[in-house]
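Below is one structure, written out as structure tokens; the observations come after it.
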Amino acid sequence: MINLTEAHIEEAIEKTLLYYKLFNSGVSLYALHSFLLDQQVTAQQLDSAIQSLLQKKKVLISNDTIFLDKEINSIYNRKNQRLNNRLTKKLLKLLKNIPFISAIAFSGGTANYGIENHEDIDLFIITKPYSVYIVYFMIHIASLLFRSRKILCINYLIDETALEIRIQRDLFTAHQIIALKPFKNETFLHHFLSNNDWVNNHYPNFVIPQSKDHKSSSLYLFFRPFNSILNRFYRLRYKKYFDNSNPASVVLSEHIIKLHTNDYRLKVINEFHHQWNKYIVEKNKVSFS
């Protein structure tokens with residue numbers, strides 16, 4: 001008989017891999033410990049549970065990536081569109097040199113699959129205080145000049161005064177945060193993570209990086225009026241999205257721009273719970289047969 005602790009760890013692995021299966025993906029063996037859902041375990045306990053699942057043929061490993069060995073209806077269809085590498089490098093270099101930007105990280109599909117395997121560039125940006133709309137406006141103008149609206153996907157920006165994510169502290173949001181890949185100023189991204197240790201409620205093995213206290217410069221207060229004008233401009237531009245049934249998908253506050261106009265968060269969460277409940281029912285049927 002397998003003891004309860006091992007059963008819980010195995011179930012946590014299956015649950016984690018099922019979540020990734022929704023995106024046609026697996027998890028690298030190196031990252032699985034950090035990305036394991038629900039259960040706080042040691043590396044040795046995790047390795048033992050993986051070996052047990054391999055023997056039962058419930059998981060498979062290929063190229064140091066572990067997958068759930070079961071067909072799950074994916075909700076993510078990856079396109080085969082190739083990015084213009086020369087233009088992509090030029091745009092990223094431009095963003096990296098904008099002085100109002102404190103940190104940049106690859107997010108979403110770009111973080112999970114890499115630039116070379118994704119149809120656009122998903123970015124999460126942290127700006128200097130009172131300059132989130134200034135940065136967004138600069139990116140907006142650059143995307144028009146370079147005709148790169150379909151390349152750059154920048155729909156979540158916060159400034160240094162809004163580092164703690166206070167809304168939608170669910171599994172999907174937690175995973176988006178811990179999966180961020182630094183592009184500019186990894187140290188400040190660590191500071192962001194240290195302000196969001198609530199992700200450990202979902203991912204208890206994820207190690208929050210140590211970070212020193214950061215004091216934002218008061219210099220950027222001078223840009224507040226211009227930032228406010230641009231805020232009003234974009235609130236008018238995206239006015240229709242404020243009338244939807246999920247208002248937290250679009251946030252245009254003084255310090256936050258969140259433009260998830262096609263918000264897959266609820267779809268992913270609901271499908272995940274549906275698939276997991278279905279998986280457990282089928283698993284119990286096998287156990288009692």
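The spread of Cα positions in the range 85-262, taken along each principal axis and listed from longest to shortest, comes to 43, 37, 37 Å.
For the chain, what does -39500 (n - 2.57) per DSSP helix run (n ≥ 4), summed and divided by total residues, give at 222 nm, in deg cm²/dmol to the nearest 500?
Details: 10 runs with 125 residues, N = 289.
That calculation yields -13500 deg cm²/dmol at 222 nm.
Ignoring aspartates and glutamates fewer than eight residues from Lys89 along the same chain, the ones with Cα atoms less than 17 angstrom from its Cα are Glu116, Glu119, Asp120, Asp122. Applied to the range 42-56, the Karplus parametrisation 6.51 cos²θ - 1.76 cosθ + 1.60 on θ = phi - 60° returns per-residue 3J(HN,Hα) values of 8, 4, 5, 4, 5, 4, 4, 5, 4, 4, 5, 5, 5, 5, 7 Hz, with x for Gly and Pro.
Note on Arg169, Arg232: ascending count of other Cβ atoms within 10 Å places them as Arg232, Arg169, the fewest first.
Dipole magnitude of the chain about its Cα centre, charges +1 at Lys/Arg Cβ and -1 at Asp/Glu Cβ only, in debye to the nearest 20?
Values: 36 positive and 25 negative charges, 288 e Å.
Rounded to the nearest 20 debye, it is 1380 debye.
Please compute the contact order of the chain in relative form: average sequence separation of alpha-carbon pairs under 8 Å and at least six residues apart, divided by the residue count, as a percent. Relative contact order, the chain: 20 percent.
For a quick check: sort Ser218, Ser28, Ser249 by the number of other beta carbons within 10 angstrom, fewest at the front. The partial results should precede the final answer.
Details: Ser218 8, Ser28 12, Ser249 20.
Lowest count first: Ser218, Ser28, Ser249.
Based on the reciprocal of the average 1/r between different C-alpha atoms, the Kirkwood radius for the range 21-80 equals 12.6 Å. Looking at the chain alone, DSSP beta bridges between its own residues are antiparallel in about 75 percent of cases.
Longest span of the chain, sites excluded, free of GluC sites (Glu not before Pro) in DSSP loop with at most 13 other C-beta atoms within 10 Å? Write out the running numbers ahead of the final one.
Details: sites that count: Glu71, Glu164.
Result, exposed sites excluded: 165-289.
Under 27 Å of direct C-alpha separation, and excluding same-chain neighbours fewer than eight residues apart, Lys21 reaches these lysines: Lys56, Lys57, Lys58, Lys70, Lys79, Lys150, Lys181, Lys258, Lys267, Lys278, Lys283, Lys285.
Values in this text are rule-based calculations from the coordinates and carry no lab data. If you're wondering where the values come from, they're calculated on a predicted model, not measured in any experiment. Reconstructed Cβ throughout: ideal geometry from the backbone, glycine too, with neighbour counts over all protein chains shown.
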